[in-house]
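In what follows, a single structure is set out as structure tokens and then discussed.
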Amino acid sequence: MEKNLFKNMFTPIQIGNVTVPNRVVHVPTDISSAEADGSVSDRVIAYHEEIAKGGTGLIIIGAATPDRDTGRSTVTCLSVDADYFIPGLHRLAHAMQKHGAKCAVQIQHPGRQAAYPRKNQISCSDMISHLPGSAGHEVIYAGGTAHGKIARGMDVEEVYDLIEKFAEGAWRVQQAGFDAVELHAAHGYMIAQFMSPYTNKRTDRFGGSLINRMRFPLEIVARIKQKCGPDFPVLVRYSGEEWVPGGRRIYESKEIAVMFEKAGVAALDISTGIFEAPGPTLDPMYYEEGWNTYSSEAVKSVVSIPVITSHTLRHPEYCDKIIGEGKTDMVGLSRQLIADPYWANKAKAGNIDDIRLCISCLVGCWKESMWIKRELRCAINPATGDTQFLDIQPANKKLNVAIVGGGVAGMEAARIAVLKGHKVTIFEKDNELGGILRTCCMVPAKQKMKWYLDWLRRQIAKLDIEVRLNADISKEKLSAFDVTLVGTGGKTVVPDIPGIEKAVKFEDVLICKRKNCEFWPKEGKHEPVKTGQKVLVWGNHYAACDTVEALAQRGREVFIVTEDPEFCPDIEPIHREVMKMRFAGGNGEGLEGVPIKIPVVVHTKMTVLEIKDGSVILMNDQLEKETLEVDTVVLAKVVPDDELFNSLKDSGLKIMNMGDSRKIRNVRGAMTDGAEAGIMLDEGIFMNANGTLSSALPTDVKKQMKGYL
């Protein structure tokens, strides 16, 4: 592809007195990876240095608190509330600047949305919040009940004290050598709480009219300029729309933009949402690329300072296009750079097919990290938060590796193993790679999953990996290999009840039909099973959710049956919130797609007793029965398909189970299992007393165990 294809993106831009080398921005991301006191850790430096090496022009470090005692956005966010943080911040700035990037620190007080402390939060006004999608959500123990999270409104003296702390934090950022500072005024955090008519109920000088609600952020900007001088650039990130009744709309956000420019703000970073509306705030898979670009376009029309847009930006072609059309000055990427920190380099080189596109799953970067008070990870990039994957070294001994199963776990294990120099053969029972991820092609809401699926399949094709499709597996075949990794995935449960032969499996309903796909098998595929108009889906995890989404979108009348007290409690919470709206016949805030015409009916605490022609007999947890008229029953309970592993684990082979065949989870679980299996393959690999593979024994233990391994 032509070099420097995206000329709009890769031209410099001026932010105040700072020249940014290109228009790609790492918009602020709280990676919850600082030391416990808020100081810079090696993990924080490693994450941001990779993005700088990857060619991003401006990197904004996310969510540094100006006051640890009253509010941290995550339990291990950065802090700028003491001078002794300056040396570590300087190391962080230098790690990015030596690669040519400009960098800023975002200062954020979470207010009512503090993850720490859990109780007694301060806010602009007294309030009780229910924010299940926030990292600062109310913690409810197993036997507890949600009552809402209480926050206390600050008095005027406390407000001015916090203004001073914001300004002091900005001065420390400047002292550390950063090029700019940003204020977080989006998503319902403290500054946003003052700016929004939805959260600000004050009756003093900081509440009521727009100018009063803007007094808090404008006083912070003024105080920063007093401490840092007029030439130190101050950026502000705020939501163009808040998507709640009584919240801010785009017309007021345009007025705010003018006020910020007049106050000397150097650039505006336009986001969207508030956590009462978690869909647009964190935009899961349902949201189309660049859906929020209209906000930056509106703001850009009333100011002359640079404007940054963000939210579901993935493809370089699209990003370059909206800059060229004048809809934004810079493109802000967050999750995309978590998935692939080398996005900018690959785009500029025209190496588009090798970009690992973020699939907006919110699993690694949200559900299984900040939301449950852990460090940031990624569902499709093992190197996020794990430096052993940043520079994969050749193995000391090259192994002959068999991988059984060509799903996510198998392909990721193969990819990593080959990068270490091993000889790898994938045995796949089907006629194409992909495993259960291929069913996502038929689920409108899950189309982004195919980006990762195809990326993996392209990597397998480019690397020196032997792939045997339609393969039969035996102990004899596997005994020729040094190591066998089993990733045979899950299997659909077929319960022993009357009439079960009338039911169909979800994977047969969701067979992909896209013959224009570059990976369409030469031998073709079976046709998907057709369902009737009334369909009962029996299950309660991603298989059930995806099947319901696909069938309901096709106009079927869908019923869900699960023995659990809640439908899909283990799937990512933001997706679940939007999914519930869609199942009810509505849509997520900001979504413009076609809603489901016939609302989905969910039956919890129930099971299927018998399947008849045209009906099923259900029974609830009180042993009460009822008959439901349906045309088709779809089985969507999935358990590990561990039959092969169990048959081989005592065979004397070096063998490891991974992915769904070990435990049913999600794409991150499968990817992580595969990556960790691949990176472990090396000299001295052995079966430990837990019945799984390990390597890298201490030298003395190697001698002690010689003859036993």
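Positive contributions from Lys and Arg (+1) and negative ones from Asp and Glu (-1), summed over other residues with Cβ under 11 Å from the Cβ of S123, come out at +3.
With 28 Å as the limit on Cα-Cα distance, the pairs of K450/K525; K102/K327; K321/K580; K491/K522 that go past it are K321/K580.
A simple packing score, the average count of other Cβ atoms within 10 Å per residue, orders the peptides 76-82, 247-253 as 76-82, 247-253, with the highest score first. Note on N688 and E566: with the Förster distance fixed at 41 Å, the Cβ-Cβ geometry gives a FRET efficiency of about 0.65.
Working from label points 7 Å from Cα in the Cα-to-Cβ sense, the L463 to K702 distance is 2.5 nm. Each residue, D161 and S301, gets one label point 7 Å from its Cα in the Cβ direction; the gap between the two is 4.4 nm. When the C-alpha to C-alpha distance is required to be over 23 Å, the pairs from K348/K515; K397/K654; K429/K654; K502/K637 that qualify are K348/K515.
Paramagnetic label reach from N470 (point 7 Å along Cα→Cβ; backbone nitrogen cut-off under 20 Å): within the range 523-542, residues 523-528. When Y294, Y238, Y84, Y542 are compared by accessible area at a 1.4 angstrom probe, the order from most to least is Y84, Y294, Y542, Y238. Length gained on full extension, V601 to H90, computed as 0.36 nm times the residue gap minus the Cα-Cα distance: 178.4 nm.
Considering only C-alpha atoms, what is the centroid distance from the range 661-709 to the range 582-645, in Å? About 39 Å separates the Cα centre of the range 661-709 from the one of the range 582-645. Taking the inverse of the average 1/r across all pairs of different Cα atoms in the range 460-571, what Kirkwood radius in Å do you get? This gives a value of 17.6 Å.
Cross-link list K398/K702; K446/K663; K53/K227; K53/K446: which exceed 25 angstrom alpha carbon to alpha carbon? Those over the limit are K53/K227; K53/K446. Taken over the range 377-446, the alpha-carbon convex hull comes to 89 cubic angstrom per residue.
With Cα atoms defining each centre, the range 1-58 and the range 462-479 are spaced 41 Å apart in the structure. Sorting 123-136, 189-202 by average packing, meaning the other beta carbons within 10 Å per residue, from highest down gives 189-202, 123-136. Spatially, the range 177-230 and the range 492-555 are offset by 51 Å when compared through their Cα centroids.
The dipole here belongs to the chain: it is taken about the Cα centre, uses +1 on the Cβ of Lys and Arg and -1 on the Cβ of Asp and Glu, and is about 1000 debye.
Cα convex hull, the chain: 173 Å³ per residue, rounded to a whole number. The label-point distance for S209 and K373, in a model that sets each label 7 Å from Cα toward Cβ, rounds to 4.4 nm. Backbone phi angles across the range 232-245, fed through the Karplus curve with coefficients 6.51, -1.76 and 1.60 (θ = phi - 60°), yield HN-Hα couplings of 7, x, 10, 9, 10, 9, 8, 7, x, 9, 9, 6, 10, x Hz in residue order; Gly and Pro are listed as x. Legend: calculated FRET efficiency, Y318 to A584, from the Cβ-Cβ distance at R0 = 41 Å, rounded to 0.05, equals 0.85.
The values are calculated or read from the model by the stated rules, or taken from the named source; none is laboratory data. All values reported here derive from a predicted model rather than from experimental measurement. Cβ coordinates were reconstructed from backbone atoms using ideal geometry, including for glycine residues, and neighbour counts include every protein chain displayed. Remember, those area values only see protein heavy atoms, side chains included, never the ligands or the DNA or RNA. Shrake-Rupley method; radii C 1.70, N 1.55, O 1.52, S 1.80 Å.
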